[in-house]
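Presented below is the structure to which this report refers.
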2 protein chains.
Amino acid sequence: MQPILTVGSVAFDSVKTPFGDVSQMVGGSATYFSVAASFFTNVRIVAVVGDDFAEEQMEIFSGRRIDLTGLQHVPGETFRWKGEYSLDLNTRDTLYTHLNVFEQFHPILPESYRPTPFVFLANIHPALQGEVLDQVTEPRFVAADTMNYWIDGTPDELRKVLKRVDALIINDEEVRGLSGESNLVKGARAIQEMGPRILIIKRGESGVLMTRDAGFFAVPAMPLEAVLDPTGAGDTFAGGFMGYLALANEMTDTVVTRAIIAGSALASFAVEDFGLSRLVRLTTEELHERFTEFKRLTHFDAL
Amino acid sequence: MQPILTVGSVAFDSVKTPFGDVSQMVGGSATYFSVAASFFTNVRIVAVVGDDFAEEQMEIFSGRRIDLTGLQHVPGETFRWKGEYSLDLNTRDTLYTHLNVFEQFHPILPESYRPTPFVFLANIHPALQGEVLDQVTEPRFVAADTMNYWIDGTPDELRKVLKRVDALIINDEEVRGLSGESNLVKGARAIQEMGPRILIIKRGESGVLMTRDAGFFAVPAMPLEAVLDPTGAGDTFAGGFMGYLALANEMTDTVVTRAIIAGSALASFAVEDFGLSRLVRLTTEELHERFTEFKRLTHFDAL
């Protein structure tokens, strides 16, 4: 079992979906990622919060294998985001993004973090992702997320980071934006030539698609009766994926495909309630059972 | 191995996609279905064509296990349809639908067809679907397709047919239209209460979802480098599904899930070229190999 280092946002999210409206709940990519990954291994967070992020908010991390030595507390307000989802939950509008203390953020790794072998760079400015990689001494497996804002706005910085990344975890629209290919198979190949040998494509309702030497691996999304809030599903997936890899600490096909299922299982819980509500009350027994449900959902006998 | 009876259209299709433009090729739901199903078993067609459907057009059926005794040849023009697909192939506009000889069509089963145990009712007026069921003497497994035109336009006739159907094979938009539920899990349950114990939801790029007693079964779509024309993919899927069921002639979970893969494999070939072009040159070896590719695509080891 190896530890994971993650850099990303810790934030106050406000979310409106057809099923409800929640204000100022603790969220952010590093939060979702680390809560998810901590089901499997120790997680070290690099992020920043303001002085409005009090003991009460810190509770979300407590009792979990999450090391907060690298969480900077600085004067000012914490990153705030508000989004509103469409009726079918497939699209969302950002109502505001207040970077606040995140605007001046530079990741500083505590000495104890520097030898971390597994690294997840959540969706932040690629220059900051690079700064983290500059500080880790023995990265063995680096995964990153990004978005069209960086793909379009900072393409050179992003290309530099991609050369240092083992796995890129993005959605299908971002695959098209980054590769310039409308076909996902061609797009995946183009992105692999930029550096990442593994590309993981998050497709929402369509599940997840992963490239590997033996061809694609695909898993459908779990059909759910109630999806309340998709916020954080992608970072939760990444947390489950990286967490399982770091737990297994090998990169066989059995491990990598199971890691995709671990991520999918965690993400399928995350969307069942607002924010982190479902994840923080999730038990390992429930997670194990959902893994088995994924097997039942997808298994068929070879000819 | 049991024979299958199908009723549907035999047509001249014209199709425009971002990858090309084809006029007046032989198509229609009964054509796609029977060519696909004939990879596995004998298929009996009930349909109608006009006097413009000559020996040359009949070639598409030749050398296959397709019984044309029930194909009516009548004076007039054959059903013609023209569609144009969007850039991402996910939506299409119908440019024209000329029913022609199909307008007065009533299915008449030759005596030899009446004891057929497996029946597929392609997407036609539910009253005509009912007329077919009135003529079969020992139906053991009946599957049907429909569309929003009948769901909205002839709801009472459709409900009557649904009571007589074992499996309904429709797309996700039609599930929502028929059930009035935006959530697929709830929609599926509502439709099962209308009669069909099995609901198979075709989701295009997202693959296929099937209800069964043991919970959902899902298979992603095969990632393809070149999708030229999605026309007929749904009927091809249905042909592969029903064909495999009729070949195995039992309804175990192993058989039903493999039948879903057989349908998905055939459909994944169908879209690789315009119209029936890919299917008519498909070999059983290629089909077998694609089935194995689906296993590789989706397999992971249980915990």
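Considering A:N90, A:N123, which residue is within 28 Å of A:A167 (Cα to Cα), open to solvent by 70 Å² or more (accessible area, probe 1.4 Å) and not in a strand (DSSP E or B)?
A:N90
Annotation: of all residues in the range A:248-262 being in contact (Cβ under 8 Å) with a residue 12 or more places away in the chain and within 12 Å of another protein chain (Cβ to nearest Cβ), the one that is farthest from A:V15 (Cα to Cα) is A:D253. Tallying residues that are open to solvent by less than 30 Å² (accessible area, probe 1.4 Å) and under 14 Å from A:I169 (Cα atoms) within the range A:198-216 yields 9.
Quick check on my filter: what residues within the range A:267-287 are within 14 Å of chain B (Cβ to nearest Cβ) and either surrounded by 13 or more Cβ atoms within 10 Å (Cβ to Cβ) or not in a helix (DSSP H, G or I) (or both)? If the condition is that a residue be within 14 Å of chain B (Cβ to nearest Cβ) and either surrounded by 13 or more Cβ atoms within 10 Å (Cβ to Cβ) or not in a helix (DSSP H, G or I) (or both), then A:S268, A:V271, A:E272, A:E286, A:L287 are the ones that fit. Residues that are within 14 Å of A:N100 (Cβ to Cβ) and open to solvent by 20 Å² or more (accessible area, probe 1.4 Å) occur at least once in the range A:22-34. Checking each residue in the range B:1-32 for being closer than 21 Å to B:Y113 by Cα and either among the charged types (D, E, K, R) or at pLDDT below 95 (or both) picks out only B:M1. Taking the criterion of being of a type in the set (S, T, N, Q) and within 9 Å of chain B (Cβ to nearest Cβ), the only residue of the range A:192-210 that qualifies is A:S206. Please indicate, with yes or no, whether at least one residue in the range B:227-238 is at the interface with chain A (Cβ under 9 Å from one of its Cβ atoms) and either at pLDDT 95 or above or open to solvent by 30 Å² or more (accessible area, probe 1.4 Å) (or both). Taking every residue of the range B:227-238 in turn, at least one turns out to be at the interface with chain A (Cβ under 9 Å from one of its Cβ atoms) and either at pLDDT 95 or above or open to solvent by 30 Å² or more (accessible area, probe 1.4 Å) (or both).
Quick check on the range A:288-303: of everything there that is touching a residue at least 40 places away in the same chain (Cβ under 8 Å) and either open to solvent by 70 Å² or more (accessible area, probe 1.4 Å) or not polar (S, T, N, Q) (or both), which residue is farthest from the other protein chains (Cβ to nearest Cβ)? It comes out as A:R290.
The values are calculated or read from the model by the stated rules, or taken from the named source; none is laboratory data. Predicted model, so just to flag it, every value in this text is computed and none were measured. All Cβ positions, even for glycine, are placed from backbone atoms using ideal geometry, and neighbour counts span all protein chains on display. For accessibility, only protein heavy atoms count, side chains too; no ligands or nucleic acids. Shrake-Rupley method; radii C 1.70, N 1.55, O 1.52, S 1.80 Å.
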